[in-house]
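Shown next, in structure tokens, is the structure this report addresses.
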Amino acid sequence: MRLILRWIALALAIWAATAIVPGITVNGGARTYLWVALLFGLINAVLGSMVKVVTFPLSIVTFGLFIFLVNVAMLALTARWSTALDIKDFWTAVFASLIISIVSSLLKGFYRRPFQF
């Protein structure tokens with residue numbers, strides 16, 4: 001259940017990025033956002049994890065800021081492998097990655113807390 005909630009949260013974060021950042025578009029409806037979120041999650045989990053391990057010393061030196069650039073690269077790779085996601089340029093990917101990170105972090109806070117009445 002938690003995995004499905006994370007998937008939906010990522011799809012909503014990608015939707016927020018397309019709504020806020022000019023130059024990033026998803027060609028399609030809700031199913032397309034879910035597909036792009038699934039692809040981005042898989043790319044980030046497999047390739048992103050390997051790249052983060054390899055670049056760990058650089059991440060230490062930059063106090064973790066290089067991990068953000070790895071996320072930007074994974075978003076650009078998702079756009080390259082998917083026909084549904086279009087990103088105009090590098091800076092669009094940077095701002096979109098920032099919005100996706102912020103929104104998905106905020107949404108994670110909602111489903112991590114137990115429901116209280």
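Sorted ascending by nearby beta carbons within 10 Å, beginning with the fewest, Thr62, Thr32 become Thr62, Thr32. For the stretch 12-99, which trypsin sites (Lys or Arg not before Pro) pass both filters: DSSP loop (anything but H, G, I, E, B) and at most 16 other C-beta atoms within 10 Å? Loop-located and lightly packed - Lys88. Rounded to the nearest 0.05, what FRET efficiency is calculated for Trp81 and Ser49 with R0 set to 22 Å and r the Cβ-Cβ distance? It comes to 0.85.
Given the alternatives (1) 24, 16, 15; (2) 33, 15, 11; (3) 22, 20, 13, semi-axes √(5λ) of the Cα gyration tensor in Å as computed for this entry is given by (3). Only helices enter this figure: runs of n ≥ 4 DSSP H residues, each worth -39500 (n - 2.57), summed and divided by the residues of the chain, yield -23500 deg cm²/dmol at 222 nm to the nearest 500. Report note on the peptides 63-71, 96-104, 14-22: ranked by the mean count of other C-beta atoms within 10 Å, highest first, their order is 96-104, 14-22, 63-71.
A short reminder: the numbers here are calculations on the coordinates, not readings from a lab. No experiment lies behind these values; they were computed from the predicted model shown. Positions of Cβ are generated from backbone atoms using ideal geometry, with glycine treated the same way; all protein chains shown enter the neighbour counts.
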